[in-house]
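The values are calculated or read from the model by the stated rules, or taken from the named source; none is laboratory data. Everything numeric here is computed off the predicted structure, so don't read it as measured data. Cβ sites come from the backbone with ideal geometry, for glycine too, and all protein chains shown count toward neighbours.
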Amino acid sequence: MTAFTYRTGTLFVENLPLQELAERFGTPLYVYSRAQLEAHYRAFDEAFADIPHQVCYAVKANSNIGVLNVLARLGSGFDIVSGGELARVLAAGGDPAKVVFSGLGKQESEIEDALKAGIACFNVESDAELDRISAVASRLGLTAPVSLRVNPDVDAGTHPYISTGLKENKFGIAIEDAIRVYQRAALLPGLKIVGIDCHIGSQLTTTLPFADALDRVLAMIDQLAEHGITLEHLDIGGGLGVRYRDEVPPTPAEYAAALLPRLKTRNLKIYMEPGRAIAANAGVLLTRVEFLKPSAHKNFAVVDAAMNDLIRPSLYSAWMDIVAVTPRDAERVPYDIVGPVCETGDFLGKERKLALEPGDLLSVMGAGAYGFVMSSNYNTRGRAAEILVDGNHAYTVRRRETLADLLALESVLP
Ligand code: LLP
C-alpha cells in the first residue's frame, strides 16, 4: 500500500492533492499519512501475532504527538530516549506501561519521571547507569524494571554513523561482560531484572545481521538461566530499513519469518523498536522552487527547504527521492536541488533529472522519519509546519514557527 500516488497528473496523499496542501499551508511543509502509518504499524503487529509481543515505536524517528497518538490508538508502545520523549508519549495518550526507555545517558530527573509514570522497562547501557537507577528507585521506594542492552558485536552493514552493534561503538554492554553485570544488577536494591535488549543499527536491508545478533542474545539468555537469572522479555530493537532509492529491505513479515523459528520455542515476550520502517515512507517534505540557476558546470534549483529542514542528505550523504508534484511534459535535465542556507553541504539531492520552472512544487519522499525531528533553526529559519492527512482531511499537527517564536527565548544585556 502507498498513500502517495499520482492521479490525473498530480501527486496525492490519500484523497488530497499535495499541490492544494502546499497552497493552503505554505512550504516547506511536512505531510504525513495516517493510513500509511497505520499500515506500517499493523504490518509489524500482525507479523509477530503468533507469539506474545509488543511493538514499541521508536519515538525519535518522528515524535510529533499527532503521529504518536495515531499509533497509541492502535495499541502501540513506545521506545523513548529522553524525559522529553516520555512527556510527548503521555501528551499523545500513550500507555506508560508499554514504554521502554533506551539511551546511554539517562539523567536522574528523567529516571525519576519514568519510574513515577510506571514504564515497562529501562534498557540499561552501563554499570554506572545501573547504580544511578538503583539509587533513584530506592530513594523513591519504587522498583525499576531493567533490561541490559548487550552489544552482540555484529556488523549491521549500514552507514557507520547509524551502526551501533559493533565492539567499538559507544552503545550497550559487551556480551562478554553481560553475565557479570546481570549478577551485579541482581544484588542492587530497587531493581528487578526483566529482560535483555539489543539494537545493532539502523536502515538494515537484510535479515542476516538481525538473525546473527538474535542467536548471540539467545545464547546469552541460556547462560543467564544457568546462573539462575531468568528473563521475561527480549527486546530485539529496531533498525529495519526502508526503500529510499533501489534498496529491497525485508518486509516486516520477512523480518519476522527470519526470527520467529528461533523465538517460538522460548517463553519470552518479544519487544521491538521500529522507527524508520513505520514513519519514513508515511511522510514527505514539500518544497517550492524559488529560482533556477544554470551555470556552465551545473544547473541548480534553489528551493525553499534546506539542510535545517532535512539534514539526512548533508549529514549521511543519504539519497532521498525528489519528484515533481505535478510533472511537466518537457525535457528533463539534471539539477542539484539546493537550499538557501550558506553552506556548500546544503543540498537535498544532486544530479536529479527533472523538468522545472520557478514556482514548481517538489516532494522529497521518505521524509517521515528523521526529518522534522532533526531540523534546526540554523540561519534563523523557522521550522516547517507538519500536517497529518486522514482521508479527505488535513490537520495541522504542528504550526509553522514564526520569527516571534524564534526570538522569544532570547534577550539582550541590561
Ligand atoms: N532503538 C534504538 C535503541 C535506537 O537507537 C534506534 C535508532 C531505534 C530503536 C530505531 O531504529 P530504526 O528502526 O528507526 O532504524 N538519524 C539516522 C538514524 C539514527 C537511528 C538512531 N537509533 C538517519 O536519519 O538515518
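Of the conditions (1) free of Cβ contacts under 8 Å to residues at least 12 places away in the same chain; (2) part of a loop (DSSP other than H, G, I, E, B), Lys293 clears all except one; give me its number. Answer for Lys293: the failing condition is (2). Beta carbons closer than 6 Å, at least 6 apart along the sequence or on distinct chains, pair a first residue in segment 43-59 that is in the same structural domain as Asp79 (by TED's automatic domain parsing) with a second that is hydroxyl-bearing (Ser, Thr, Tyr) for Gln54/Tyr271; Val55/Ser76; Cys56/Tyr271; Tyr57/Ser76.
Scanning segment 236-261 for residues that are assigned to a helix (DSSP H, G or I) and among the hydroxyl-bearing types (Ser, Thr, Tyr) yields one hit, Tyr255. Pairing each residue of segment 168-187 that is assigned by TED's automatic domain parsing to the domain that holds Glu125 with any residue that is basic (Lys, Arg), provided the two are 6+ apart or on different chains, yields C-beta distances under 7 Å for Phe171/Arg149; Gly172/Arg149; Ile173/Arg149; Ala174/Lys167; Ile175/Arg216. Checked against (1) without any contact (Cβ under 8 Å) to a residue 40 or more places away in the chain; (2) within 22 Å of the chain's Cα centre (by Cα), Val302 meets all criteria but (2). Inspect segment 257-269 for any residue being within 13 Å of the ligand (Cβ to nearest atom) and touching a residue at least 40 places away in the same chain (Cβ under 8 Å) and give the result as yes or no. No - not one qualifying residue is present in segment 257-269. Residue pairs whose Cβ atoms lie under 7 Å apart, separated by 6 or more positions or on different chains, with the first residue in segment 314-331 and farther than 23 Å from Leu18 by Cα and assigned by TED's automatic domain parsing to the domain that holds Val303 and the second basic (Lys, Arg) and within 12 Å of the ligand (Cβ to nearest atom), are Ala318/Arg312.
Taking the conditions (1) closer than 30 Å to Ala318 by Cβ; (2) at pLDDT 95 or above; (3) more than 15 Å from the ligand (Cβ to nearest atom) in turn, Val181 satisfies each one other than (1). Asn379 passes every criterion in (1) in a loop (DSSP other than H, G, I, E, B); (2) in contact with a Leu (Cβ under 7 Å, 6 or more places away or on another chain) apart from (2).
Apart from one condition, Ala211 fits all of (1) surrounded by fewer than 18 Cβ atoms within 10 Å (Cβ to Cβ); (2) touching a residue at least 60 places away in the same chain (Cβ under 8 Å); the exception is (2).
Within segment 229-240, the set of residues being closer than 17 Å to Gly201 by Cα, touching a residue at least 40 places away in the same chain (Cβ under 8 Å) and more than 7 Å from the ligand (Cβ to nearest atom) comprises Asp235 only. Kindly evaluate Thr265 against the criterion of being outside the structural domain of Ala367 (by TED's automatic domain parsing), more than 30 Å from Ala384 (Cβ to Cβ), hydroxyl-bearing (Ser, Thr, Tyr) and at pLDDT below 95. So Thr265 fits the description; yes.
There is no residue in segment 272-285 that is more than 16 Å from the ligand (Cβ to nearest atom) and either in a strand (DSSP E or B) or surrounded by fewer than 24 Cβ atoms within 10 Å (Cβ to Cβ) (or both). Considering segment 91-113, and only residues there that are within 18 Å of the chain's Cα centre (by Cα) and not hydroxyl-bearing (Ser, Thr, Tyr), the residue that is surrounded by the fewest Cβ atoms within 10 Å (Cβ to Cβ) turns out to be Leu104.
Select, from Gly141, Gly172, Gly190, Gly195, the only residue that is modelled with pLDDT of 95 or more and surrounded by 21 or more Cβ atoms within 10 Å (Cβ to Cβ). Within the list Gly141, Gly172, Gly190, Gly195, the selection yields Gly195.
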